[in-house]
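As structure tokens, the structure follows; a few thoughts come after it.
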Amino acid sequence: MIIAKDVHKRYLTDHGPGRWVLQGVNFTIPPKLNVGLIGANGAGKSTLLQIVAGVDHPNKGSVERQCKVSWPMGFGGGLQGSLTGRQNSKFVCRIHGHEDDIPDRLAFIQDFAEIGDAFDHPIKSYSSGMKARLQFAMSLAFDFDVYISDEVTSVGDAAFRNKAAAAFKNLADKAGLIMVAHGEATLKQFCSAGIWIHDGKAHWFDQIDDALKAYKDTLKK
């Protein structure tokens, strides 16, 4: 279960504190539920995703994680640019206490990411898509209660997108998913519930279709 309590977030700018991206966000996500984050560009979807994952922190309020949450798949941070993909993956294996089966996990990550020889090149030489593929593969190499995806289904060619979709489906029975995706079809495919972010607030919907309708209704005004 993930509980957000009165979450506020804004960033410093050259002119001082910026606008509130998130303002008084509250929700509870039950176990093994797939939730789509919906909102206009700049609404705060990726910001909220990073706060839920613990990559970023709110200025006020808190997020309680009563489960193991993955880092955001598709998020460009968290990788050491001077190290190779293999070295980054090995480091993460050690952090998660998998010293005994590092070779097997590295083999899985390399195979799933499909970045070829780049696996042994420095991360700083990667494109954003290659980083996203690597992080996606690294996330799947470990067992989490909730997986977090930021536009991963739009990364790569059709074959890789289908591979990512199949991986998400395989997670359905054992873990939850929190997803940001611009494609309505993608959200409907993977998510049952939705959180619509609008004017800094988060609105919970038990049905993803209702969340999408609320978002589209504001576009007509």
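Within segment 85-144, the set of residues being farther than 19 Å from residue 171 by Cβ and among the aromatic types (Phe, Trp, Tyr) comprises 91, 119, 126.
The conditions of being surrounded by fewer than 17 Cβ atoms within 10 Å (Cβ to Cβ) and either of a type in the set (Lys, Arg) or closer than 16 Å to residue 49 by Cα (or both) are not met by residue 133. Checking 206, 199, 150 one by one, the residue that is of a type in the set (Asp, Glu) and surrounded by 18 or more Cβ atoms within 10 Å (Cβ to Cβ) is 150 and no other.
The set of residues in segment 109-134 that are charged (D, E, K, R), more than 10 Å from residue 86 (Cα to Cα) and either in the same structural domain as residue 162 (by TED's automatic domain parsing) or in a helix (DSSP H, G or I) (or both) comprises 111, 117, 124, 131, 133. Residues in segment 167-211 that are over 22 Å from residue 66 (Cβ atoms) and out of contact with any strand residue (DSSP E or B) (no Cβ under 6 Å at 6 or more places or on another chain): 19 in all. Only one of the listed residues (22, 37, 79, 48) is out of contact with any Cys (no Cβ under 7 Å at 6 or more places or on another chain), farther than 24 Å from residue 128 by Cα and either modelled with pLDDT under 90 or surrounded by 15 or more Cβ atoms within 10 Å (Cβ to Cβ) (or both). That residue is 22. For segment 55-76, a residue qualifies if it is under 16 Å from the mean Cα position of the chain (by Cα) and surrounded by 14 or more Cβ atoms within 10 Å (Cβ to Cβ), and the qualifying residues are 55, 56, 63, 65, 67, 69, 70, 71, 72, 73, 74, 75.
For the residues 137, 166, 172, 185, the requirement of being assigned by TED's automatic domain parsing to the domain that holds residue 105, over 25 Å from residue 22 (Cβ atoms) and of a type in the set (A, V, I, L, M) singles out 137.
The values are calculated or read from the model by the stated rules, or taken from the named source; none is laboratory data. Being a predicted model, the structure only gives us computed values, none of them experimental. We place every Cβ from the backbone using ideal geometry, glycine too, and count neighbours over all the protein chains shown.
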